Amino acid sequence: METAIRSEPSVRFEGFELNLQTHELFRSGLRIKIRGHPVDVLAILLEHPGELVTREMLRKRLWPDNTFVDSEQILNNSVGKLREVLGDNAENPKFIETLPRLGYRFIAPLNGTGSELHGGHAAITTTHAIVSVLADPNVHRRSRHRRFWGSIAFAAIALGLATYWFLQIRRSAPHISHYEQLTLDADRKTAVGTDGTRIYMVLQRLQPAIAQVPVSGGKVTEIPIGLDSLTELTLLDVSPDGTSLLVGNQNSNQEGHTVWVVGSSGRPARYLTKAYCAVWSPDGRTIAYANSHGDILTSTTEGGEPQLLLRVDAPQQQITVTLDMSWSPDGKKIRFTRWGGRIFEIASNGANLHEWLPGWNAGVRKCCGRWTSDGQFFVFLAGAALGKGPRVRPLAQIWVADERSGRMLPRTFETTLLTPGPLLWGNPIPGRDGKKIYARGVSLRGELQRYDQKSQRLEPFLGGISAEMLDFSRDGKYVAYVSFADGILWRANRDGSGPVQVTEPPLYPRNPRWSPDGSQLLFTDNTQSGVDVLYVVPSQGGTPKRLLPDDIGPQSIGDWSPDGARVVYTTHSGFSFVPRNENKFESRIVDLATGRTTVLPKAPEGFWAPLWSPDGRYIAGNSLNQMKLSIFDLRTGEWSAIPDTVSMPIGYHHWSHDGRFLYFTRWTGGGVRAVYRVLVPRGKEELVFEPPENFQGTGWYSFWMSLDPDDSPLLLRDAGTDEIYALTLERK
């Protein structure tokens, strides 16, 4: 006798299970929050385990013939999200192997499938012994008694579990009950640590400073560090007893910051090591730190020979950015953020490296985590915009992971959003008493301003909208801009009327450039892969497409030739992050019709951010040390550098519309960006205007500058807020 038991079709592999009917993906019995195209792609790959599934096969299965979508980008995004959820790696795949230019192959073994992959049902065959037992009436009678008492026992257990779960849920909802603003100065600042009475922070100025404020709020006071050789300071950590600070030099090079141990009131200072980030152990006897390669090492606080804790499996010349290290209060674990917004964990002896919460909120970046003093909670930042822009980030929302022992709750109850609201938050710092979280709270908003050359004043432009990176069409009739801080590319009439949205999140376009005929916009973005690449999009709106889909990047600021036939851009080494070494950088011109690429000769002082002159003769960019503008003459094939003076670093640069001048920003002695211009090719630097001392720029690059069709400078004034808050953490 056979009994067929119908079940929903599913397939299992390596602890995962995909329900082929509902397209729900489970891990260890817990449903993962991922839907749509990524799961559809996974289902198709599982239909052909070990076989090549071409991109064309995927397109035909996912979209009807009359559907017009950017299938290439959607497939790339879908496979990327799948790999993130599965904890897979494209370079060393465990589940999904990429066959370049062909498609994908699912390479993990399948096990315990609940049905045939093509929609059949599982069948369970009963044995003769089981049939005989079912036929015995005495067995039926005994079975009824057992089922009755079994039901009573099951009900009691279920009631107990339900009560336990209810109590757990009641106690497992930590939340913020009160917000208290501690500072009132509007300076950009980042909280780093606390000794229980003071909060230590970095003031993000032209020359960063280390400061403190009482936990009750009040005046921010700078701390005299007394390290004359370090012109740009950063604070890495505060010792467990609050008596010492780890201070670093913010000028990163191949060896990272120079790290010093400094008293919490300032001097004296003692050199320790070189590192990109560092953290004290809970007992204060050891420092864990990451070098430029991304390896994690430990050293005693007195110095001495470092001990290797974790080695990165990557070429030695490649930099794997490791940040935001945190040591658990019990001393057993260390967590840290890797480039791209993923948090990893290792044991304090270097064993058991794994990603923390690998399937949580796929595609959302995480960073900057810290344990509360009792180790029961882990607070961290998470958000899609995390990592965008060097000066205004990291900013996102604060989440908490409940890590109390003895819990029996599914993963969805383990993480809670603490700060649903309009503010964005910086590094969350748990207080020593476990009741407070200290963090930077920011409202990102700017006011677009134009320097009026007649009145010699800055005045609101286009109604003072919060927009940056403006570029006007060659005929001056239209303007393109990126709204700040949501990062949407818009096209409008010259006076700002008739705005048309051109892109949508998650893209965050940077440095848009009109094509000479006004039909397209060129811009840079890195939200899809974490590496800067160039996109083009119709200026009337449409689907953005990669300009150079076969170039892995990175591709810096790009610009059109005056005839629109070529694009110039800069790349470096193929890695997502490298030091600014001129040997790593390469400037290229690509012919859009033929795809042929020409490499420019090396600039003597390095070269990046290239812009083509309106007459087509020159390509101008910033030197790698940002002290001069490098200019390549396409007629003579020679480089020159202007201006002659060398004082403070140069920022944004733009050609005047007649091509005679290069406008640029430069820091002044007072710590404010001023706008200068220089006659090309060998003119003298002249000041255009200097903003008032209370002017503070904002935006993706903190201080951005462009020109309107009359060559009047445009700036984005910071109209947001930036303060330190104390958040009261309620937990049961």
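Annotations
- Which listed residue is part of a strand (DSSP E or B) and closer than 23 Å to residue 548 by Cα, from 593, 609: 609
- Flag for residue 652 being at pLDDT below 95, outside any loop (DSSP other than H, G, I, E, B) and closer than 19 Å to residue 448 by Cβ: yes
- Test result for residue 633, farther than 28 Å from residue 475 by Cα and either out of contact with any Phe, Trp or Tyr (no Cβ under 7 Å at 6 or more places or on another chain) or acidic (Asp, Glu) (or both): no
- Considering residues of segment 454-471 that are surrounded by fewer than 19 Cβ atoms within 10 Å (Cβ to Cβ) and farther than 23 Å from residue 443 by Cα only, the residue nearest to the chain's Cα centre (by Cα): 457
- Selection count where residues are in a loop (DSSP other than H, G, I, E, B), within 21 Å of residue 668 (Cβ to Cβ) and in contact with a Ser or Thr (Cβ under 9 Å, 6 or more places away or on another chain), scope segment 712-722: 0
- Meets criteria (in contact (Cβ under 8 Å) with a residue 40 or more places away in the chain, more than 26 Å from residue 720 (Cα to Cα) and assigned to a loop (DSSP other than H, G, I, E, B)) for residue 476: yes
- None of 701, 725 is in contact (Cβ under 8 Å) with a residue 40 or more places away in the chain, outside any strand (DSSP E or B) and hydroxyl-bearing (Ser, Thr, Tyr) except 701.
- Scanning segment 175-197 for residues being surrounded by fewer than 19 Cβ atoms within 10 Å (Cβ to Cβ) and of a type outside the set (Val, Ile, Thr) gives a total of 11.
The values are calculated or read from the model by the stated rules, or taken from the named source; none is laboratory data. Computed from a predicted model, the values in this text were never measured in an experiment. Because the Cβ atoms are built from the backbone with ideal geometry, glycine has one as well, and the counts that use them run over all protein chains shown.
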